[in-house]
Amino acid sequence: MPLKENLLSIKNTFINPNCLLIAVSKTHPVSAIKEAYELGVRDFGENKVQELTEKAPQLPKDIRWHMIGHLQRNKVKYIAPFVYLIHGVDSIKLLQEIDKQAEKNNRIISCLLQVHIAEEESKFGFSEEELMLLIESEELKDLKNIKIIGLMGMATFTDNEDQIRNEFAGLKRLFERLKARNLPENVEMKELSMGMSGDYLIAQEEGSTMVRIGTAIFGERNYN
Ligand SMILES: *Cc1c(COP(=O)(O)O)cnc(C)c1O
């Protein structure tokens with residue numbers, strides 16, 4: 001199906017019309033991003049720094065670029081001037097580097113803390129316990145050029161919908177628990193990034209505020 005129909009059918013199925021659709025354009029050419037832009041999409045997600053820094057200068061300046069993949073500390077400097085939201089923050093060291101690079105660029109960079117909710121070992125993110133320790137830590141309070149605006153999670157890659165739902169529901173409960181706490185000044189729980197092409201409806205039912213959708217918009221990725 002062409003892009004326009006894909007976008008329309010996704011939007012039509014949204015359970016929460018206020019949920020932000022992030023079009024995950026990784027591996028797809030600049031021309032495909034332009035096409036989606038012309039159809040009104042302004043939020044795009046990439047998971048590789050090099051790909052993001054190659055594409056961004058070729059595209060309109062009002063695009064909001066979401067870094068959704070695992071981010072290495074030594075690469076933060078390349079995206080710090082322009083990135084809109086970093087979804088996969090999974091350590092205090094990475095936060096400190098983002099803070100440092102944000103300061104150099106005279107900006108405050110918004111971040112989401114990634115929580116490990118899947119069964120698979122390979123997926124990155126904090127455990128609940130680690131997250132609580134981070135939120136209470138003195139190191140976090142010192143960071144003036146970052147703002148943590150919520151949490152991000154990826155469910156297990158499985159056909160078992162109950163399992164996916166349970167994982168998302170668990171993340172939502174954690175989000176609500178944090179929200180009810182006395183948080184540091186640079187932390188505010190307002191965004192919950194969960195849901196991809198295969199599970200965004202379940203994610204919305206469980207309270208997602210942003211979904212990251214690639215394949216259902218742009219088609220299958222070709223990694224050659
Ligand atoms: C690739 C990717 C997505 C999009 O996946 P689709 O199944 O193509 O929608 C979402 N989130 C992250 C972190 C990704 O790396």
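Throughout, read-outs are computed from the coordinates displayed, never taken from laboratory work. Since this is a predicted model, take the numbers as computed values, not measurements. Cβ: placed from backbone, ideal geometry, glycine included. Neighbour counts: every protein chain shown.
Set the bar at 22 Å for Cα to Cα. Now go through Lys75/Lys190; Lys100/Lys147; Lys147/Lys172; Lys75/Lys179; Lys104/Lys144; Lys75/Lys104 and name every pair that lies beyond it. Can you show the working numbers first?
Details: Lys75/Lys190 27 Å; Lys100/Lys147 13 Å; Lys147/Lys172 20 Å; Lys75/Lys179 31 Å; Lys104/Lys144 12 Å; Lys75/Lys104 14 Å.
Over 22 Å Cα-Cα: Lys75/Lys190; Lys75/Lys179.
How much length would be gained if the chain were fully extended between Lys11 and Glu119, taking 0.36 nm per residue of separation minus their Cα-Cα distance, in nm to one decimal?
35.9 nm
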- Note on the structure: Per-residue Cβ contact counts at 10 Å, fewest first, order Phe82, Phe44 as Phe82, Phe44
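Based on the Cβ-Cβ distance from Glu185 to Ser127, what FRET efficiency comes out when R0 is 30 Å, to the nearest 0.05? Present the calculation step by step, with values, prior to reporting the outcome.
Working: r = 25 Å, r/R0 = 0.82.
Working from the Cβ atoms, E equals 0.75.
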- Listed residues Thr13, Thr53, Thr156, most fluctuating in the chain (Gaussian network, C-alpha, under 10 Å): Thr13
- Message: Can you divide the C-alpha Rg of the range 1-135 by 2.2 N^0.38 Å and report the result to two decimal places?
- Response: 1.14
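Fully extended, how many nm does the chain gain between Glu161 and Ile108 (0.36 nm per residue separation, minus their Cα-Cα distance)?
Numbers: separation 53, 0.36 × 53 = 19.08 nm, distance 3.75 nm.
Extra length available between Glu161 and Ile108 comes to 15.3 nm.
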- Would you list, by chain and number, the lysines whose Cα falls below 28 Å from the Cα of Lys4, excluding same-chain residues fewer than 8 positions away? Lys26, Lys34, Lys48, Lys55, Lys61
- Message: Could you sort the peptides 127-133, 200-206, 45-51 by per-residue average Cβ neighbour count (10 Å cutoff), highest mean leading?
- Response: 200-206, 45-51, 127-133
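Stick to Cα atoms and the Kirkwood definition of Rh, then tell me Rg/Rh for the range 114-224. Mind showing how you got there, number by number?
Values: Rg = 15.2 Å, Rh = 15.0 Å.
Dividing the radius of gyration by the Kirkwood radius yields 1.01.
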